[in-house]
Amino acid sequence: MIHNKYVDDYIKDYEEGHLLFNKERIQLVDYLKKSVLSDNTLHFDNEQIENCIKFSEKWFFKLQPFQKFLIAFVFLYHEDGTNYYEDFLWMMGRGSGKNGLISALGTFLISEFNGIPSYNGSIVANSEDQAKISVEEIHDVMESNRPKLRPAFYWTNGLIKAKKTNSTLRYRTSNGNTKDGLRDGFVIFDEIHEYQDDSNVKVHLSGLGKKQNPRVFYIGTDGYVRDGFIDTKKKQAANVLSGKAAPDFIFPWICKIDDVSEIDDPEKWEKAVPMIVKPLSSYGKTLYRQIKKDYDALVEAPSGREEFLTKRMDYPSTSMNSSVAPWEEIAATNQPIPHDLDGREAIGAVDFASVRDFIAAAVTIRYRDKLVTIEKQWARKGFCDQYYAYSRKDRIATPNQRLNIPLHDWERMGLIEVVDEPLMDPKHALDWIQAMAHRFDIKKVVMDNYRAQIMRKMFEDANFEVDIIHNPTSIDGLLASIIDDGFPRGRFVWGDNPLLRWNTQNVLVKVNKANGNKSYEKKEETRRKTDGFKAFEYTLYRVNELSDVDVSKSLAFLNDLDF
């Protein structure tokens, strides 16, 4: 076994019952003992760890045991001196001191104590305000200790430089214009819950490997973007903890409550926020009072519960009163489309809010105990340019500006076509439904009364039976039972359709207090489109009329009979 006193002490405190760990950290201890600490070819650089801790506490703040534990694994090495971990995932509830720890560690890594020449670092976030938090904090430390630190460092509002190593630490936003030619030794990605995908991350990582011992830190609290970058990192962490991935693939530090019910038990909050472990530091006391204040405010403002769960408890909430289903159940629709669907009966549907933005068309087929939905959508280029920066080469992902969705990826997957038309032609949907009719026996095409005014005649002229929904709100209440049953049971099969999953996540479920009926509305009126979900929903309107057979075989049999 290999040892470091901060690692040993932290694990001992947990095993003796002084610390309350969530499931992921319990797994972390087991995984470390089995796969890392038992590897005698590895070693902690205890001198470097001590230097980092002393440096941090002298110039920044007193470190808590969990922070010393995290620092130790930054300086875990192979026999040849290369670092064991290159990637670190640190996820904790708001207030746990992620940015403060990064400020201290980042300054140490560029300093002469780390000793690597030109070991530059970047702190990356979607917004400039978030990206520069640590650099501004370091700047303030430097200013407060100017006489003592000036011989070792040079600093401005946007850059910290260590004079002996000629290493710099600077902040960057993720807009792609300032990343070419980077030769970083380490990169810190902050607030990773806001990243829709890894497109900007890849560019920032392109310069790594040119310096010895490269490191990447992914830090943040969970958020509301699902099927995006943070979910990928969480899955990687889960694979490491379960032994499905190499033990050095990523260092998986995730602090969260284990169940939504634990929000109501303050004793369980330390699972998500390790800074409030007893005995509380002065900062921990202040933090705990603020968390308790936020929790108590939920009595008068229950709408803040989702925010409290997601940001304070690191437990992303999809309340059944506001979302169609928990994210895990929406993600479970990613089941392979069966290969033997052709010839079966299907229900078609179309939906759009306006021919100026999106149109969706869908078919649903009954297959054993599953309902299989295939979809196609169309979007007007002018709308996509205005709201999603579709034509920009550098994709801006700032949360207060354009919503960054991977339209180009969805195009490559064949899920959507972006068409350059002043008004989209509804015939796109008709042509696609006709193509589907070559594969399936489409019994009906469902649309609501508004869409029927535009599309009914063209579908009937194409020999489709059109079924009109005259009161869509009442249909929501009728179909809610099918939807509420289908998601938890894994009945809905969509293939790999992140566009439809995104549509579904954008749906706001409202419950009528008078009669308990549900209606499916929008969480945000313009940018978070729900057309794909509504088309899927409308196919369910007549799905009970479908048989689970390949009707083409029956027709072929009848044609072969000699009457």
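The values are calculated or read from the model by the stated rules, or taken from the named source; none is laboratory data. Keep in mind that this is a model prediction, so the values were computed, not measured. Using ideal geometry, Cβ is built from the backbone for each residue, glycine included, and neighbour counts are taken over all protein chains shown.
Reported count of residues in the range 24-44, each being under 15 Å from residue 74 (Cα atoms) and out of contact with any helix residue (DSSP H, G or I) (no Cβ under 9 Å at 6 or more places or on another chain), is 1. Cβ separations smaller than 6 Å between residues 6+ apart or across chains give the following pairs from the range 86-104 residues that are assigned to a helix (DSSP H, G or I) to residues that are of a type in the set (Asp, Glu): 103/137.
Checking each residue in the range 336-357 for being among the hydrophobic types (A, V, I, L, M, F, W, C), modelled with pLDDT under 95 and crowded, with 20+ Cβ neighbours inside 10 Å picks out only 352. Of everything in the range 442-466, what is acidic (Asp, Glu) and crowded, with 19+ Cβ neighbours inside 10 Å? Give them in sequence order. Passing the criteria: only 448.
Among residues of the range 151-167 that are assigned to a strand (DSSP E or B), those with a beta-carbon under 8 Å from a residue that is among the basic types (Lys, Arg) at least six positions away or on a different chain give the pairs 153/161; 153/163; 154/161; 154/163; 155/161; 159/170; 160/170; 167/161.
Could you list all residues from the range 117-137 that are closer than 15 Å to residue 188 by Cα and either among the aliphatic types (A, V, I, L, M) or more than 33 Å from the chain's Cα centre (by Cα) (or both)? Across the range 117-137, the qualifying residues are 123, 124, 125, 131, 133, 135. Against the numbered list (1) outside any loop (DSSP other than H, G, I, E, B); (2) of a type outside the set (A, V, I, L, M); (3) more than 25 Å from the chain's Cα centre (by Cα); (4) modelled with pLDDT under 95, residue 114 comes up short only at (1).
Screening 376, 444 for residues that are at pLDDT 95 or above, in contact with a Lys or Arg (Cβ under 6 Å, 6 or more places away or on another chain) and charged (D, E, K, R) leaves exactly one candidate, 444.
Within the range 35-49, the set of residues being under 31 Å from the mean Cα position of the chain (by Cα) and without any contact (Cβ under 8 Å) to a residue 60 or more places away in the chain comprises 37 only. Against the condition within 24 Å of residue 404 (Cβ to Cβ), under 21 Å from the mean Cα position of the chain (by Cα) and of a type outside the set (Phe, Trp, Tyr), how does residue 304 come out, does it pass? So residue 304 fails the test.
Within the range 292-307, restricting attention to residues that are outside any loop (DSSP other than H, G, I, E, B) and among the hydrophobic types (A, V, I, L, M, F, W, C), the residue that is surrounded by the fewest Cβ atoms within 10 Å (Cβ to Cβ) is 299.
Quick check on the range 83-111: of everything there that is of a type in the set (Phe, Trp, Tyr) and under 26 Å from the mean Cα position of the chain (by Cα), which residue is nearest to residue 286 (Cα to Cα)? The selected residue is 90.
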